[in-house]
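First up is the structure itself, then whatever we jot down about it.
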Amino acid sequence: MSSYAVREALDVYGLREAVGKLAAELGFQRRERAELLIVVSELCTNIVKYGVRGSLEFEPHVDAVHGAGIA
């Protein structure tokens, strides 16, 4: 599991890069990756705006029915 601290707005860039890379490795389509990066950006913004600091954790997840994903 990967964990990234979010303490300021600039922390979003490392997280977006890591999640984007994982999504590409798992075979996500370009549009799916773009939507996922929007979600990461929103989560980071909310952490900085409302929580002051926090972290996001993610890992690859493979489901027999639904295929590859990110938890």
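The values are calculated or read from the model by the stated rules, or taken from the named source; none is laboratory data. As the structure is a prediction and not an experimental result, all values here were calculated from the model. Every residue, glycine among them, receives a Cβ derived from its backbone with ideal geometry; neighbour counts consider all protein chains shown. Heads up: the accessible areas ignore ligands, DNA and RNA and are worked out on the full protein's heavy atoms, side chains in. Shrake-Rupley method; radii C 1.70, N 1.55, O 1.52, S 1.80 Å.
Answer yes if at least one residue in region 20-36 is open to solvent by 100 Å² or more (accessible area, probe 1.4 Å) and small (Gly, Ala, Ser), and no otherwise. Explain how you work it out, then say what you get.
Filtering region 20-36 down to residues open to solvent by 100 Å² or more (accessible area, probe 1.4 Å) leaves 21, 25, 29-31.
Cutting the leftovers down to small (Gly, Ala, Ser) gives us none.
Within region 20-36, none of the residues are open to solvent by 100 Å² or more (accessible area, probe 1.4 Å) and small (Gly, Ala, Ser).
Sort through GLY20, GLY27 and tell me the only one that's more than 13 Å from GLU57 (Cα to Cα) and touching a Lys or Arg at 6+ places or on another chain (Cβ under 7 Å). Please lay out each step first, then the result.
Values: GLY27 fails: touching a Lys or Arg at 6+ places or on another chain (Cβ under 7 Å).
It is GLY20.
Within region 1-37, if we keep just the residues that are aromatic (Phe, Trp, Tyr) and out of contact with any Ser or Thr (no Cβ under 9 Å at 6 or more places or on another chain), the residue that is nearest to ARG53 (Cα to Cα) turns out to be TYR13. Is there a residue in region 48-59 that is surrounded by 15 or more Cβ atoms within 10 Å (Cβ to Cβ) and of a type in the set (A, V, I, L, M)? Yes, the conditions are met somewhere in region 48-59.
Just a yes or no: is a residue in region 8-19 over 18 Å from ILE70 (Cβ atoms), open to solvent by less than 50 Å² (accessible area, probe 1.4 Å) and not in a strand (DSSP E or B)? Yes, region 8-19 has at least one match. Would you check if there is a residue in region 47-63 being among the basic types (Lys, Arg) and assigned to a helix (DSSP H, G or I)? The answer is yes; a qualifying residue exists.
Of the residues VAL39, VAL62, the single one that is of a type outside the set (Phe, Trp, Tyr), without any contact (Cβ under 8 Å) to a residue 24 or more places away in the chain and touching a helix residue (DSSP H, G or I) at 6+ places or on another chain (Cβ under 9 Å) is VAL39.
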